[in-house]
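The values are calculated or read from the model by the stated rules, or taken from the named source; none is laboratory data. Given the structure is predicted, the values throughout are model-derived calculations rather than measurements. Positions of Cβ are backbone-derived with ideal geometry, glycine not excepted, and every protein chain shown enters the neighbour counts. Side chains are part of the model used for accessible areas, which takes the heavy atoms of the whole protein and leaves out ligands, DNA and RNA. Shrake-Rupley method; radii C 1.70, N 1.55, O 1.52, S 1.80 Å.
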Amino acid sequence: MFDGQQFDRGIKKWQGFILSEHNEQLERQHIRDSWKSEMDTEEIEQVLSEALLRQDRIKVQKKSDTYDPDQAPEPIICGRIAGIDAGILVLRTDSGIVPVSVEMIHHVENVRGDAKWYT
């Protein structure tokens, strides 16, 4: 016969697993939705010129129209520089070509060191 205690044991067994997955998801979301440090124009140009020269991938965090540290930023754009024309940075991403105004860049970083060994 079915015993109520065995059923409870099964639920208790999975609660820890579900909780740990939920915590990991919250951590990933917090990392994704946090503002990075704002860079000045000279720093941005230095990172962009190095990435263009080496054809490295970059991560770009755009400024919002009204910067509010309590408001979540737009998703980070990751790709390679396809070109720069009239202050517009053209990125080649996995989802296609994305134009980004250089003036709207809040933070940019080179992800050369983040490459996987199998890519």
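Before we move on, is Ile105 open to solvent by less than 40 Å² (accessible area, probe 1.4 Å), within 19 Å of Ser49 (Cβ to Cβ), modelled with pLDDT of 90 or more and over 16 Å from the mean Cα position of the chain (by Cα)?
Numbers: open to solvent by less than 40 Å² (accessible area, probe 1.4 Å): yes; within 19 Å of Ser49 (Cβ to Cβ): yes; modelled with pLDDT of 90 or more: yes; over 16 Å from the mean Cα position of the chain (by Cα): no.
The answer is no for Ile105.
The single residue among Glu50, Glu103, Glu74 that is closer than 14 Å to Trp35 by Cα and of a type in the set (Asp, Glu) turns out to be Glu74.
Every residue, every condition in (1) in a strand (DSSP E or B); (2) more than 15 Å from the chain's Cα centre (by Cα); (3) modelled with pLDDT of 90 or more; (4) surrounded by fewer than 10 Cβ atoms within 10 Å (Cβ to Cβ), yes or no:
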| residue | (1), (2), (3), (4) |
| --- | --- |
| Ile44 | no, yes, yes, no |
| Ile58 | yes, no, yes, no |
| Asp65 | no, yes, no, yes |
| Ile81 | yes, yes, yes, no |
| Ile84 | yes, yes, no, no |
| Arg92 | yes, yes, yes, no |
